[in-house]
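Participant: Below is the structure I would like to discuss, written out as structure tokens.
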Amino acid sequence: QVQLVESGGGLVQAGGSLRLSCVASGSIVSISTMAWYRQARGNQRELVATSTSGGSTNYADSVKGRFTISRDNAKNTVYLQMNSLKPEDTAVYFCNDIVMKVPGQGWFSYWGQGTQVTVSS
């Protein structure tokens, strides 16, 4: 099985920074896309940022210029550096990996349990 564990959430004042980490463990041959999503109370889960194995990154318009996604393939880890945080960034943040567990047997999506980020005004 594959497990994703996030860390780094917490309470921060507006304008502050946080760095989230997500480590994948288990039966992993390769990870293609690594992504961060978030879900604020009462809202649907939304995509924040993605990082592909080919080196491409994409961001939601609401976080462009403030958030940076990066990955360490050797450690099966994805990071989200969040700067200039705003109260509207308050949400539970989830990581999502697209994983190959057995060579040639397809890709599967896995989610972390989420980490709370709260930005006070």
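The values are calculated or read from the model by the stated rules, or taken from the named source; none is laboratory data. Everything quoted here is computed from the prediction, not taken from an experiment. Cβ atoms come from the backbone with ideal geometry, glycine included; neighbour counts cover every protein chain shown. These accessible areas exclude ligands, DNA and RNA; they are computed on the full protein's heavy atoms, side chains included. Shrake-Rupley method; radii C 1.70, N 1.55, O 1.52, S 1.80 Å.
Participant: Under 6 Å by Cβ, and 6 or more places apart or on different chains, what pairs join a residue from region 74-86 that is at positive phi and modelled with pLDDT of 95 or more with one that is open to solvent by less than 60 Å² (accessible area, probe 1.4 Å) and of a type in the set (D, E, K, R)?
Facilitator: What qualifies is SER84/ARG66.
Participant: Against the condition closer than 14 Å to VAL117 by Cβ, of a type outside the set (Asp, Glu) and open to solvent by less than 60 Å² (accessible area, probe 1.4 Å), how does ALA14 come out, does it pass? Don't jump to the end; show me each part of the working.
Facilitator: Working: closer than 14 Å to VAL117 by Cβ: yes; of a type outside the set (Asp, Glu): yes; open to solvent by less than 60 Å² (accessible area, probe 1.4 Å): yes.
Judged against the criteria, ALA14 is a match.
Participant: Ok, one more. If you take just the strands (runs of 3 or more DSSP E) that sit entirely in region 16-83, which of them hold at least 3 residues that are over 11 Å from the mean Cα position of the chain (by Cα) and of a type outside the set (Phe, Trp, Tyr)?
Facilitator: Working: elements: 18-26, 30-39, 46-51, 57-59, 67-72, 77-82.
Of the strands (runs of 3 or more DSSP E) lying wholly inside region 16-83, those with at least 3 residues that are over 11 Å from the mean Cα position of the chain (by Cα) and of a type outside the set (Phe, Trp, Tyr) span 18-26, 30-39.
Participant: Against the conditions (1) open to solvent by 80 Å² or more (accessible area, probe 1.4 Å); (2) basic (Lys, Arg); (3) farther than 16 Å from ILE31 by Cα, where does ARG66 fall short? Just the number, please.
Facilitator: (1)
Participant: Here's another thing I want to ask about it. Considering each of SER56, SER109, SER25 in turn, give the residue that is small (Gly, Ala, Ser), farther than 20 Å from GLU6 by Cα, open to solvent by 50 Å² or more (accessible area, probe 1.4 Å) and at pLDDT 95 or above. Full working, then the answer.
Facilitator: Numbers: SER109 fails: farther than 20 Å from GLU6 by Cα; SER25 fails: farther than 20 Å from GLU6 by Cα.
None of the others qualify; the one that does is SER56.
Participant: Do we find that LEU47 is touching a residue at least 40 places away in the same chain (Cβ under 8 Å) and either exposed (fewer than 15 other Cβ atoms within 10 Å of the Cβ) or under 19 Å from THR115 (Cα atoms) (or both) in this structure? Step through it out loud before you land on a result.
Facilitator: Values: touching a residue at least 40 places away in the same chain (Cβ under 8 Å): no; either exposed (fewer than 15 other Cβ atoms within 10 Å of the Cβ) or under 19 Å from THR115 (Cα atoms) (or both): yes.
The answer is no for LEU47.
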